[in-house]
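The next block holds one structure in the form of structure tokens; read it before the comments.
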Amino acid sequence: MISEAQPEGNHGKESALAETAINKILVPLDGSRLAEAMVPYATGLAKAAGAGIVLFQAVPLHGNTETAAAYLEGVASGLRQSGIGVATDTSEGDIAQEIVGAARRYEASFIVMTGHASDQGRKDLLGSTAHSVLKICTTPVIVVPLNFTTYAQPSAIVIGHDGTVNSQAVLGPAVALARAITSELVLVRSVDPVTGLGGAAKYYSAVDDFAETDLNSLRDELASSGLNVKTHVGKRPAELELLAIADSQLGSIIAVSTRSLSAEVNVLGSVTDRLVRSQTHAVLAVPES
């Protein structure tokens, strides 16, 4: 069941969750048609958010950066004709490390990249570069499915929120993106598997009562700052709840922590991994703050 709150206006109250500006989006390319096919999606997202784009290509050590630079300029020239601000850059080194470093250097708000086919050629597996970036990223990453070759306005940002520190870190980037592209937020929480709750939870008769109360409190806080916000508490596994809600919202972006349901450093959370591999929705994966 989805619970909804309408925006009430800011009334002069500043929200720390919603004040991050989106200035630059880093788009890593590797010269392949698969990676380049999602450029229109990344460009459309940047235009909607009022952001510029940095086209970036990392090459292995002693690789040909001149060829990479020429390729990026060729892609950029077409985008500039549409009026969007585009910069290009290349570097040598470990591909994933260089992508993460470039995002930090340019102070990119997001990295937008395709999941790519895996090294084994299977489209249901995440390519090694995307997987490595997601494990070590310090910048939020939007992973675009292989068939997303055009941009359509996402009707919602569907946020996986389980009350943990990791899921709390998702809110800032997700809220900033929702504001920039005028999408509603849907806060989703799964109460499966049931886990022991302490603290305030002991005052509630059931886990789902506590989950709903927690989400509704957050919903009201966000709605008071002018956002359209809904909540949903379900009993299926988290990825199934998130996918079901996203399926009902045209072009939704699912926002989760890179370490959803995983407390290990540099280990991609199982929920995030399965959502990205599903190749059905763009996934905003946010690193632990």
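Data for the structure
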read-out	value
Phi-based couplings in Hz for segment 52-68 (Karplus 6.51, -1.76, 1.60; Gly and Pro marked x)	x, 10, 10, 7, 9, 9, 9, 10, x, 3, 6, x, 9, 6, 5, 5, 4
Global geometry of segment 130-173, whether rounded, prolate or oblate, following the gyration tensor of its Cα atoms and the 1.5 cut on a/c	oblate
Per-residue ³J(HN,Hα) for segment 39-44, Karplus 6.51 cos²θ - 1.76 cosθ + 1.60, θ = phi - 60°, Hz, x for Gly and Pro	4, x, 5, 4, 5, x
Ranked list, fewest to most other Cβ atoms within 10 Å of each Cβ, for 272, 280	280, 272
Nitroxide proxy distance, nm - points 7 Å out along Cα→Cβ at residue 220 and residue 153	3.1 nm
Selected from 57, 67, 137, residue furthest toward positive end of dipole (segment 24-144; charges at beta carbon)	137
Burial ordering of 77, 128, fewest other beta-carbon atoms within 10 Å first	77, 128
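Computed from the coordinates by the stated procedures, all read-outs in this text should not be read as laboratory data. From a predicted model like this one, the values you see are computed outputs, not experimental measurements. Cβ: placed from backbone, ideal geometry, glycine included. Neighbour counts: every protein chain shown.
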